[in-house]
Amino acid sequence: MLFSSVKHLLWTAISLSLFIAACTAMLRGVEISDNAVKASSTVNYNQALNIYVHSEEDRDEVSLFAYTGAQVLYMWRNSLGEDVRITVNGMTFPKPQPYSDPEWTAPANGIRLEQLYTAAFEYNDLNQVKEISFTAQ
């Protein structure tokens, strides 16, 4: 009889401990997923600004958006397959190389990754981006 009550007490203590551990793990998982959603929303904050449709009336206007220096470098690197001129603070960047040459370095010494840059997009007659001019804010 005494053995049975001790056994019952141990099983109850183990069950309660496992329940508390599961609740703690669930709360930590919710916190991690909440942080992941917040991080992804901050990463994708400016992504909606990358697509801009022009009508015939406002084609001559210049649209302005703000980007970080890291986004400027990313846009320059992804301009490899497109006919887009990238200008940063008046300096026109050369086309990126399609392969990674160890001797070649990106002309990024004038870009601060944490700094904000204002982008002005210029479009051709087909409403395609022709040039992106970035200026530091």
Just checking, does segment 88-100 include any residue being modelled with pLDDT of 85 or more and either surrounded by 14 or more Cβ atoms within 10 Å (Cβ to Cβ) or of a type in the set (D, E, K, R) (or both)? yes
Residues that are at pLDDT below 80, surrounded by 10 or more Cβ atoms within 10 Å (Cβ to Cβ) and of a type in the set (S, T, N, Q), drawn from segment 35-81: 40, 46, 50, 63, 78, 79
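The values are calculated or read from the model by the stated rules, or taken from the named source; none is laboratory data. Here the structure is a predicted model, which means the values were calculated and not measured. Don't worry about glycine lacking a Cβ; one is built from the backbone with ideal geometry, like all the others, and counts go over all protein chains shown.
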